[in-house]
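Down below is the structure, laid out as structure tokens.
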């Protein structure tokens, strides 16, 4: 009692209104702030902190209605009751929460209560045996074909300067499969035209990675840099690659909505935004025979099984795999690029298909990321 309450520096997207009882130094809300501070010190990204706080707030609000105010009042039975609440919850459109969403809301609780136990706030962890919903292993519903990608690309009006910029953005997403946060944060020096690579600085989990980018994407980036970007720069140039008409860095939700409109205009009967190109890149490369380890390296999936690939595989080899299996790697049509009988060390033989479990893991990871992007976009 009477302890000083820690305050956490808040970024542009953090919450301001407290939940629960902020005046209680031993209450759930105060311990949530301490946990977020701990994660911030440990290097968690702003997006990760936002998501964690969002779902812990949901839980604290649920607890408040039931007069549960302090960590020691939370038992395994109460957590299971909250899990049932999520299972039976219905959104405004009458639809239930997906298993991905349910899992996303419960996972931060496990981390929080584990930390509370390690801090000796709780004698035992009530969430240690909480079973999370199993992930559904399914092929993404809205992966684009090569022809459908071309249809989306054609929707960008390249007779207009901003259309050239948007085409460069779309081509970059398709060629590299990078996350929307990663493309928003690209700087001019991250693109190496001579080597055909792009450096992703402090991607998800604050990890850098160097990945290939195709000739076609570089062609459109060059056009944007020559014809468009100089006119968008306002004041001091902060070196951000892609700029709005006001000379600013893209807003994440604005970017998602802009990409979604291009997909909608193509009238494909499919929906999606930035992450659709990430899904599409991974799926097309997999279908064209790329070893799944190289796709994992491109995507930056640190949680998957071959996390040491960058200590084993040179960027030169990764570029070869990208050129051999990505339909949009070159300015030429994919059909005229393929050379029958070509042999590359990172492509699979017909007799050695990708392991089904690894493919399922890859698709499940992509689906989780897509769900996170949809949730982040829908809150605005």
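The values are calculated or read from the model by the stated rules, or taken from the named source; none is laboratory data. Keep in mind it's a predicted model, so treat the numbers as computed, not measured. Please note: Cβ atoms are built from the backbone with ideal geometry, for glycine as well, and neighbour counts cover all protein chains shown.
When residues in the range 133-157 are screened for being modelled with pLDDT under 95 and either surrounded by 19 or more Cβ atoms within 10 Å (Cβ to Cβ) or assigned to a loop (DSSP other than H, G, I, E, B) (or both), 13 of them pass. The criterion of being part of a loop (DSSP other than H, G, I, E, B) and in contact (Cβ under 8 Å) with a residue 24 or more places away in the chain holds for residue 20. The single condition from (1) surrounded by fewer than 18 Cβ atoms within 10 Å (Cβ to Cβ); (2) assigned to a helix (DSSP H, G or I); (3) modelled with pLDDT of 90 or more that residue 25 fails is (2). Number of residues in the range 39-63 that are surrounded by fewer than 16 Cβ atoms within 10 Å (Cβ to Cβ) and at pLDDT 95 or above: the value is 1. Taking (1) modelled with pLDDT of 95 or more; (2) part of a loop (DSSP other than H, G, I, E, B) in turn, residue 170 satisfies each apart from (2).
Taking the range 64-75 as the range and being surrounded by 14 or more Cβ atoms within 10 Å (Cβ to Cβ) and in a loop (DSSP other than H, G, I, E, B) as the test, the residues that pass are 68, 69, 70, 74.
Do you know which residues across the range 184-197 are at pLDDT 95 or above and either buried (at least 20 other Cβ atoms within 10 Å of the Cβ) or assigned to a loop (DSSP other than H, G, I, E, B) (or both)? Across the range 184-197, the qualifying residues are 186, 191. Among the residues of the range 76-115, those identified as in a loop (DSSP other than H, G, I, E, B) and exposed (fewer than 12 other Cβ atoms within 10 Å of the Cβ) are 91, 92, 93, 94, 95. Among the residues of the range 165-178, is any in contact with a strand residue (DSSP E or B) (Cβ under 7 Å, 6 or more places away or on another chain) and either within 29 Å of residue 287 (Cα to Cα) or buried (at least 18 other Cβ atoms within 10 Å of the Cβ) (or both)? Checking the range 165-178: at least one residue is in contact with a strand residue (DSSP E or B) (Cβ under 7 Å, 6 or more places away or on another chain) and either within 29 Å of residue 287 (Cα to Cα) or buried (at least 18 other Cβ atoms within 10 Å of the Cβ) (or both). If the condition is being closer than 13 Å to residue 168 by Cβ and loosely packed, with under 14 Cβ neighbours inside 10 Å, then the range 220-269 contributes 222, 226, 227.
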